[in-house]
Amino acid sequence: MRALHFVIKVADRTASVAFLHNVLGMHALRHEEFQEGCKAACNGPYDGMWSKTMMGYAAEDTSFVLELAYNYGVSFYKHGNDFGFLKVRNRVAYASLEEQGLGQEVEFNVREVASPDGHTFRVLNEDPTDVGCLSSLCLAVTDIDKSIAFWADVLGMLEIDKGDDFVVLSSGVDQATLRLVQLPAGTPVDHGTGGGRVAYSFPAADLKPLQVLARGYTVLTPLVSLDTPGKATVQVVILADPDGHEVCFVGDEAFRELSRVDDNAPQLLTQAIAKDTSREWRAGKLKREQAAAAAAPAAAPAGKAAAPAAAPAVPRAAEKPAPVAAATKTAAPAAGASK
């Protein structure tokens with residue numbers, strides 16, 4: 001089992017990419033656009049257009065990276081208490097934070113900073129590799145022992161550190177670790193609407209048996225094949241741990257082909273940002289709603305019966321924005337080179 005990436009939903013793709021590239025020094029490794037929601041809910045419970053951008057310090061084949069899921073037309077995600085932080089080990093990123101006065105020192109040579117979308121990063125003033133790395137993911141849980149039963153006993157992760165209210169697990173040598181921290185007694189895990197998903201590779205032949213191995217736990221997505229236009233098709237199984245954290249297992253062989261660094265990724269990302277009119281669409285939608293509200297009939301005077309209420313609207317995962325138009329604004333400078 002190999003640690004692959006952590007998925008975060010971003011409402012402001014431009015600002016998030018700029019922060020990750022210009023402040024933390026990550027690069028766009030590949031970028032993909034989709035016309036409809038993912039069968040495995042990779043982009044969350046949304047059925048409209050979305051994009052996936054992989055960002056990190058080195059190729060996905062050898063390092064843990066971030067997957068930015070961007071849903072066109074979704075302007076806000078509610079954060080819960082499920083996500084703790086991502087740990088970055090990179091001297092240049094640490095110096096960048098100091099120079100720009102960003103974040104705060106939480107330990108000696110450790111600065112904590114939040115991204116524009118509210119995700120916390122702890123940046124260490126050290127480089128275990130030539131380019132730095134994402135070295136650890138921290139998630140909140142309600143019961144350490146139940147979590148260990150799932151992550152270690154069922155999935156086979158190795159316990160490398162443990163305290164009264166935390167445990168650190170590893171999926172292998174030189175892999176990003178998973179730190180689980182117990183919440184105060186009686187506090188449930190809240191995933192909000194911006195909850196993430198952690199992904200690991202697994203031998204493709206073992207994905208179906210994994211569903212049996214995990215009997216007693218929730219299978220969010222049984223074995224399914226996912227297509228990426230022009231790239232390899234991968235198979236995945238998605239489980240939920242005892243606290244509802246989503247864990248994606250993807251067939252290793254096909255994923256190694258899918259996840260090759262795309263030298264065109266920065267350009268594709270820049271073009272997508274330039275063509276994105278969802279901000280303008282949302283602004284126009286708000287104006288239309290305000291105009292409609294202003295034009296609505298005043299409340300019925302006392303003693304007169306009000307008109308029958310309209311039937312409630314059927315809730316939707318997300319309103320679909322207008323089609324992406326031709327480039328109308330300057331592309332974000334944050335895409336950067338992938339090498």
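The values are calculated or read from the model by the stated rules, or taken from the named source; none is laboratory data. All values reported here derive from a predicted model rather than from experimental measurement. Here the Cβ is made from the backbone with ideal geometry for all residues, glycine too, and neighbour counts use every protein chain on show. For accessibility, only protein heavy atoms count, side chains too; no ligands or nucleic acids. Shrake-Rupley method; radii C 1.70, N 1.55, O 1.52, S 1.80 Å.
Just a few scattered comments:
- Restricted to region 35-80, and to residues there that are hydroxyl-bearing (Ser, Thr, Tyr) and over 21 Å from Thr270 (Cα atoms), the residue that is most open to solvent (accessible area, probe 1.4 Å) is Thr62.
- When residues of region 85-102 are limited to those that are open to solvent by 50 Å² or more (accessible area, probe 1.4 Å) and not acidic (Asp, Glu), the one nearest to Ser115 (Cα to Cα): Leu102
- A single entry from Ala185, Ala240, Ala205 fulfils the requirement of being at pLDDT 90 or above, surrounded by fewer than 15 Cβ atoms within 10 Å (Cβ to Cβ), aliphatic (A, V, I, L, M) and under 19 Å from Ile148 (Cα atoms): Ala185.
- Residues located in region 181-239, provided they are touching a His at 6+ places or on another chain (Cβ under 7 Å) and not in a strand (DSSP E or B): Gly192, Gly194
- Scanning region 249-294 for residues that are open to solvent by 20 Å² or more (accessible area, probe 1.4 Å), under 22 Å from Lys231 (Cβ atoms) and assigned to a loop (DSSP other than H, G, I, E, B) turns up Arg260, Val261, Asp262, Asp263, Asn264.
- Single residue of region 1-38 satisfying the filter (of a type in the set (S, T, N, Q) and part of a helix (DSSP H, G or I)) that is farthest from the chain's Cα centre (by Cα): Asn22
- Considering region 111-134, the residues that are more than 16 Å from Met26 (Cα to Cα) and surrounded by fewer than 18 Cβ atoms within 10 Å (Cβ to Cβ) include one that is nearest to the chain's Cα centre (by Cα), namely Gly118.
- Of Arg316, Arg260, Arg279, all but one fail to be on the phi < 0 side of the Ramachandran plot, in contact with a strand residue (DSSP E or B) (Cβ under 8 Å, 6 or more places away or on another chain) and at pLDDT below 95; the exception is Arg260.
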